[in-house]
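Reading through the structure tokens given below for one structure.
The values are calculated or read from the model by the stated rules, or taken from the named source; none is laboratory data. Everything numeric here is computed off the predicted structure, so don't read it as measured data. As a convention, Cβ positions derive from the backbone with ideal geometry for all residues, glycine included, and neighbour counts pool all protein chains shown.
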Amino acid sequence: MKISFDKISRLWLGQDDFRVRELNCGANFKAVCLDTMCDDAKVSAFVLQPLAYVENAQSLDEIERKLAAGTGVRKPPNFFAAVEDFTNGYTLIFDGEDNCISVDTRTVIGRSIAEPPTSMVMRGPREGFVEDVKVNVTLLRKRLKTPNFKIINLAVGKYTNTAIAVCYIEGIADKRVVDDAVQRIQNVKTDGVLDSSYLARYLDGNKTFLFRRIGSTEKPDIAVGKMLEGRLAIIVDGSPMVLTLPYLFVEDMQSPGDYYENSTMTTLSRFLRFVSVIASVLLPALYVCLQVYNYQIIPLRFLITVLNASEAIPFSPLTEMLLVLIVFDILREANLRMPSAVGISLSLVGAIVLGDAAVQAGLLGAPAVMIGALSGIGLFTMPDNTLILSLLRLAVTFVGGVMGLLGVIISSLAILVYLASMQDFKTPFLAPFSPDIPEDRQDALAQIPVPQMTQRPKSIPNENKSRRG
Amino acid sequence: MKNRVSIDQLALMYLLLVTGGKFLTLPSLLAGDVGHDSWLSVLFSFVWDGVCLCFLLWAIKINDKSKLDIAAILDKSLSKPVSKALMALFFVIFVLRINILLSGCYKMFSVTFDVSTNWLVYVLPIAALAFFAVSRGFNSIARASQIVFGLIVLAVIALFVSPLAEVDFGELLPIGEAGWGKILLNSYTRSFWFSDYIFMYFVLDGIKIKKHVFAPMLVSFGVGAALCILLNGVFVALFGYLAPDFDLAMSKIGVFSAASTANGRWDWLTLSVWLISVFVKVIVFIFCAYKCVEKIVGAHFVKFNWIAAGVVLLTLSLPMFVSTRTLLDTVIKWGVIPFTLVQYLLPLLMPLLTKTAQRKTEVKSE
């Protein structure tokens, strides 16, 4: 479609923020911009001031030469590109023959770089991504001073036209994975992409309904670390969460601070996280089925304590445990949506008053409350999957309560088979444990000291195995 | 490819299959027939298994280039009707083995874990799990086995070590008291419990070979066989002449070490972990039975073959109509000889059949 001033002005006719300025620089030119998207100072400095004293320009090429002060001056190849520039805050300058150039006059609105609330660390960088794609790319480029750092710019969303930057390191990232990701983004047909989580759903080839298959981080150092392993970082304008792919299950066990701590401590912490997650999902189920069916397994004195504590409870052990878990989930959900000050009070009311009152009233047994609380706290060691783990915990507890250990075995195997079957971007989800890739165990649950990690992980497709060039 | 599996995964899975299910009713049945020499019967069964396994691995190696599946190999080398007949025989073996494994577990749960329910309610969740796994592909079953492998081996070792202090290995003497002929005959009549390698026929086209074929498989076979022989020996040495009366070996083996109720029956937890290997075996055999029906009917669905699943599901109701005892007696009386054909004769012929099929495929493509 041909670029035309009339078409642009028709499209934005009647909009208060649509600005047109006639410029007489020898021939007649028209500068248009969206006031709400442009920085007045930039429009003035990069467009109006340089052209104010020009009197003999006859073509756009001459105008372009006069705009040397502007860093982003270009000729949009077609009408759609011109509209995209215009809506992003560029000022378009038209000549009388419907040719145009666009000058970068975008305004920078947004919060400043700060420590992300979801990934606080004791040691290590405290910078976090923000909502602006340009700032986020800058944060990556600041750490990757190499010409091999490549960005593929795309736009998605019929109405939002959201800018997407696919970032990778040429020579490390597998080109086939890059092409596959770009292809999937280009195939997205939607009204709008408001956050990177929207895009993550389109990028998930398995269309997983349980576990997330695309990683996300708010920290540029983590994103760069992952890119150095062969992953891609996908920045979505308007979202401080940068997507990383391919993604492994074991990444959920890793924390941003792991690489800045002693590797022995990191290994211990990761094992602790792993054990707590497994215990969180299985503990309530095991408690119920041991109490109902297999009480012989419980040591006698422990069994007597449990029986004494729960003999007056009017519910069956399964109902009792499900009640505890559901109440815990309600409290967690309410806590997330409360302002922080009220949230603390709510936690206290929930944990102490509600739990204690229920035990005192004889509605719930103290062991069940303790097991529920322990399991609930354990879930938070894998904060990105808390909700899904909580649902799994309810399901396994229910099956375990109905079918005993047989149910626990069947449901655990089903979850395992499901996890094992997932593979996307040529990466098995459970790697490096299944399939077993011994070389990659250096930074899976256990971590060897960073200087000894000389090879990039084999689980992630990459073009350069050695971390040393 | 959903059914692709590496040789390492195959080896680990084979180890689970070798140990899974052999400690339910088999030790007491063998003890009933040959007394304290039952471990020798197990040993001889494994010797023959080892020979057949080597031939099958040879065939796998030959097939690495052409990646023909079992139906294609049999079709091309023996003709289609023979191939279908063999598939039917495989199907019968798998169905019987699944049912006997499941009925062993059923008994284990109702006797040991006090969970009594009817067969259908018990078997349906297991079938659901198996078909879910089948729909996700053999690859996911192999990967899941890889994850649980370490845990299961630890559980088996724990079950073996826990009663050691109480074991009197003198009970195993004199060796060969039952008579070598009887011992050998028993290892043949109980062959139904062995030859676990038969599942490999159904993943022939998906085996990914890196360097070695024989080493990982034989190591895994050796470890599995050693554990089975040892556990049989421990079981007989522990219970002596009473061994035939303790029909669920695995649940009884830890009874002395964990007899103190103050400590709880922790051996039952390890037993539950071992049961995972039985379920893995059931899933693998259901996958094979499903494949057999697919090959016989010739119907292939892109995602999931409901016809094959339906047929296999129907056969799982068998123990509702026939007792496990009758099923076992029938197998020993009528099944041993025909089953020998696919369990022991076919593996020996597989390298030859694979080469013939390859040659015919090459001629056709030329």
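Points worth noting:
- Some residue of the range A:344-361 being among the acidic types (Asp, Glu), within 23 Å of the chain's Cα centre (by Cα) and farther than 24 Å from A:Phe271 by Cβ: no
- Residue check for B:Val148: aliphatic (A, V, I, L, M), in contact with a helix residue (DSSP H, G or I) (Cβ under 9 Å, 6 or more places away or on another chain) and more than 8 Å from chain A (Cβ to nearest Cβ): no
To keep it simple, each residue is scored yes or no on (1) away from chain A (no Cβ under 14 Å); (2) surrounded by 13 or more Cβ atoms within 10 Å (Cβ to Cβ); (3) aromatic (Phe, Trp, Tyr).
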position	(1), (2), (3)
B:Pro163	yes, yes, no
B:Ile175	yes, no, no
B:Tyr197	yes, yes, yes
B:Phe202	yes, yes, yes
B:Leu218	yes, yes, no
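- Among (1) facing chain A (nearest Cβ under 8 Å); (2) at pLDDT 90 or above, the one test that B:Tyr122 misses: (2)
- Test result for A:Arg393, away from chain B (no Cβ under 14 Å) and closer than 26 Å to B:Ser140 by Cβ: yes
- Yes/no for A:Leu331 being within 14 Å of chain B (Cβ to nearest Cβ) and buried (at least 18 other Cβ atoms within 10 Å of the Cβ): no
- Here A:Phe429, A:Phe398 are screened, and the one residue that is within 14 Å of another protein chain (Cβ to nearest Cβ) and surrounded by 22 or more Cβ atoms within 10 Å (Cβ to Cβ) is A:Phe429.
- Only one of the numbered conditions (1) within 26 Å of A:Ile169 (Cβ to Cβ); (2) part of a loop (DSSP other than H, G, I, E, B); (3) not hydrophobic (A, V, I, L, M, F, W, C) is violated by A:Thr381, and that is (1).
- Looking at A:Arg123, A:Arg111, A:Arg176, just one residue is assigned to a loop (DSSP other than H, G, I, E, B), of a type outside the set (Asp, Glu) and either in contact (Cβ under 8 Å) with a residue 40 or more places away in the chain or within 25 Å of A:Arg456 (Cα to Cα) (or both), and that residue is A:Arg123.
- Helices (runs of 4 or more DSSP H) contained entirely in the range B:290-345, each with at least 3 residues that are among the small types (Gly, Ala, Ser): B:306-315
- Count of the range A:54-82 residues, restricted to those that are in contact with a Pro (Cβ under 6 Å, 6 or more places away or on another chain) and of a type outside the set (Lys, Arg), is 3.
- Contact map, the range A:57-70: residues that are surrounded by fewer than 15 Cβ atoms within 10 Å (Cβ to Cβ) paired with residues that are of a type in the set (Phe, Trp, Tyr), Cβ distance under 9 Å, separation 6+ or inter-chain. Pairs shown: A:Ala69/A:Phe46.
- Of the candidates A:Ala420, A:Ala366, the single residue that is of a type in the set (Gly, Ala, Ser) and surrounded by fewer than 22 Cβ atoms within 10 Å (Cβ to Cβ) is A:Ala366.
- Residue within the range A:77-88 that is in a strand (DSSP E or B) and either in contact with a Lys or Arg (Cβ under 8 Å, 6 or more places away or on another chain) or surrounded by fewer than 16 Cβ atoms within 10 Å (Cβ to Cβ) (or both) present: no
- Residue-level analysis places A:Arg273 outside the set of residues that are within 14 Å of another protein chain (Cβ to nearest Cβ) and part of a helix (DSSP H, G or I).
- Conditions (1) more than 22 Å from A:Met382 (Cβ to Cβ); (2) assigned to a helix (DSSP H, G or I): number failed by A:Val193: (2)
- Scanning the range A:447-469 for residues that are among the hydrophobic types (A, V, I, L, M, F, W, C) and touching a Lys or Arg at 6+ places or on another chain (Cβ under 7 Å), we see that the one that is nearest to the other protein chains (Cβ to nearest Cβ) is A:Ile460.
Residue by residue, here is whether (1) crowded, with 21+ Cβ neighbours inside 10 Å; (2) under 17 Å from the mean Cα position of the chain (by Cα); (3) outside any helix (DSSP H, G or I) holds:
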site: B:Ala130; (1), (2), (3): yes, yes, no
site: B:Leu154; (1), (2), (3): no, no, no
site: B:Gly170; (1), (2), (3): no, no, no
site: B:Ile183; (1), (2), (3): yes, no, no
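- Filtering A:Leu364, A:Leu331 for residues that are hydrophobic (A, V, I, L, M, F, W, C) and part of a helix (DSSP H, G or I) leaves a single hit, A:Leu331.
- Looking across the range B:327-345 at every residue that is of a type in the set (S, T, N, Q) and at pLDDT 85 or above, the one that is nearest to B:Phe90 (Cα to Cα) is identified as B:Gln343.
- For the range B:187-197, the criterion of being of a type outside the set (Val, Ile, Thr), more than 30 Å from B:Asp69 (Cα to Cα) and either part of a helix (DSSP H, G or I) or in contact with a helix residue (DSSP H, G or I) (Cβ under 8 Å, 6 or more places away or on another chain) (or both) is met by at least one residue.
- Residues of the range B:6-22 that are under 18 Å from B:Ser277 (Cα atoms) and outside any loop (DSSP other than H, G, I, E, B): B:Asp8, B:Gln9, B:Leu10, B:Ala11, B:Leu12, B:Met13, B:Tyr14, B:Leu15, B:Leu16, B:Leu17, B:Val18, B:Thr19.
- Filter pass, A:Leu144 being of a type in the set (A, V, I, L, M), assigned to a loop (DSSP other than H, G, I, E, B) and modelled with pLDDT of 85 or more: yes
- Listed by first and then second residue, the pairs linking a residue in the range A:300-311 that is more than 11 Å from every other protein chain (Cβ to nearest Cβ) to a residue that is assigned to a helix (DSSP H, G or I), with Cβ atoms under 6 Å apart and 6 or more places separating them unless they lie on different chains, are A:Val306/A:Pro367; A:Ala309/A:Ala366; A:Ala309/A:Pro367.
- Of all residues in the range A:425-440, those that are under 24 Å from A:Leu243 (Cβ atoms) have Cβ atoms under 8 Å from Cβ atoms of residues that are acidic (Asp, Glu), 6 or more apart or on another chain, in A:Phe425/A:Asp180; A:Lys426/A:Asp174; A:Ala431/A:Asp440; A:Pro432/A:Glu439; A:Pro432/A:Asp440.
- Exactly one residue out of B:Ser162, B:Ser140 is among the polar types (S, T, N, Q) and modelled with pLDDT of 85 or more, and it is B:Ser140.
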